[in-house]
Amino acid sequence: MQAKIKNRLSIVAIVLLFATPVVVAYLMSSGAIGYHPEETKNKGNFISPPVKVADQTDADWAKSLDGHWTLVYYQAGHCGQTCLEHQEELHRYRLTMANRADKLNLMIWANGIDASDEDAFAHIAKVDVSKENRLQQTMAQLSALSYQDGNGLYVVAPEGYLMLAFDQSNTTSEVIKDLKLLVKRKG
């Protein structure tokens, strides 16, 4: 009699052992269990649906976005002193990527860019989007997810989609953490 009970308990234990992960996974995916580990959360705002940059402009520079992660600062107005400050900030973001820095391109989009003789940040592509009306309208709408003043900091995926926007409450370390996670995962 003892052997029968022992065998039944073994079968029940084995069924529970295999069924428990399935039940927990179902509960988590349905939202009944709201577990979201802090380490895997991104700090930026996802752009939903993602915006294909090449659909917003016919310019050749849009094709250069494919194949690389790109961090873009968009300046709604003329690129003046604010742009210079953001060039330095973009440069620092790239420096923090260390051995993965070659996987991150940097760009500034602005409505008018002064071409200076000495460019300390030649590795940052500067694009004049003053004639790109569709792109300007899209960026004005996306500003609600970013700086909310027409300007913004965005990530373009290797497929050419604007997919992540950072707002002014994001700290430098949060932006760096998101960039490292993205470049590490796919790049």
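Bear in mind these aren't lab numbers, they're just calculated from the coordinates by the rules spelled out. Everything numeric here is computed off the predicted structure, so don't read it as measured data. Virtual Cβ from ideal backbone geometry, glycine too; neighbours counted across all protein chains shown.
The figures follow:
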quantity	calculated
Magnitude of the charge dipole, the chain, Cβ model with Lys/Arg +1 and Asp/Glu -1, debye to 20	1700
Simple label model, 7 Å out from Cα along Cβ direction - PHE18 to HIS68, nm	5.1
Förster radius 30 Å - calculated FRET efficiency between THR96 and ASP55, Cβ distance, rounded to 0.05	0.45
For segment 138-187: rounded, prolate or oblate by the Cα gyration tensor [a/c cutoff 1.5]	oblate
The chain: Lys pairs at Cα distance under 13 angstrom, eight or more positions apart or on different chains	8
Tensor-based shape of segment 40-185 (alpha-carbon gyration tensor, a/c under 1.5 rounded, otherwise prolate or oblate)	rounded
Over the chain: helical MRE at 222 nm, DSSP H runs n ≥ 4 each giving -39500 (n - 2.57), nearest 500	-12000 deg cm²/dmol
Dipole axis of the chain (+1 Lys, Arg; -1 Asp, Glu on Cβ), positive-most option in CYS79, ALA25, ILE14	ILE14
